[in-house]
Ligand code: FES
């Protein structure tokens, strides 16, 4: 029996080929931007803006399941948005993703 995914609240933001394995890329949304990360073919999405001083996390370095802010080196767990290294003290939002073929959907609304 096949189950159809409920895509309510999801937005098609990228193609899988846009985010090679081991990288993070930035994608614009209506009121900001989202950083999508590819860890060994699994896609994760978090807010693009670092909570320390607005650094662009989509320009950061992906280290395992963490992204390192390019400005001062804070790190966030891309699976949860939680802070894993200072100087940031507050996590970023994380978003559910869903891949259908080559399309990456991100759930921006709860
Ligand atoms: S802006 Fe990200 S660590 Fe400072």
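So the values come out like this:
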| quantity | calculated |
| --- | --- |
| Residues (farther than 15 Å from residue 36 by Cβ and under 13 Å from the mean Cα position of the chain (by Cα)) located in segment 78-87 | 80, 82 |
| Residues of segment 20-44 satisfying the condition of being surrounded by 21 or more Cβ atoms within 10 Å (Cβ to Cβ) and under 15 Å from residue 100 (Cβ atoms) | 36 |
| Selection from segment 70-79 of residues that are surrounded by fewer than 21 Cβ atoms within 10 Å (Cβ to Cβ) and within 8 Å of the ligand (Cβ to nearest atom) | 70, 71, 72, 73 |
| Scope segment 52-69; condition away from the ligand (no atom under 13 Å from the Cβ) and within 11 Å of the chain's Cα centre (by Cα); matching residues | 62, 65 |
| Pair list, Cβ < 9 Å and 6+ apart or interchain, from segment 64-87 residues that are touching a residue at least 40 places away in the same chain (Cβ under 8 Å) to residues that are surrounded by 14 or more Cβ atoms within 10 Å (Cβ to Cβ) and assigned to a loop (DSSP other than H, G, I, E, B) | 67/60; 67/78; 78/65 |
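FYI, it's all coordinate maths here, none of it is from the lab. All of these numbers come straight from a predicted model, not from anything done at the bench. In this analysis, Cβ positions are derived from the backbone assuming ideal geometry, glycine residues included, and neighbour counts consider all displayed protein chains.
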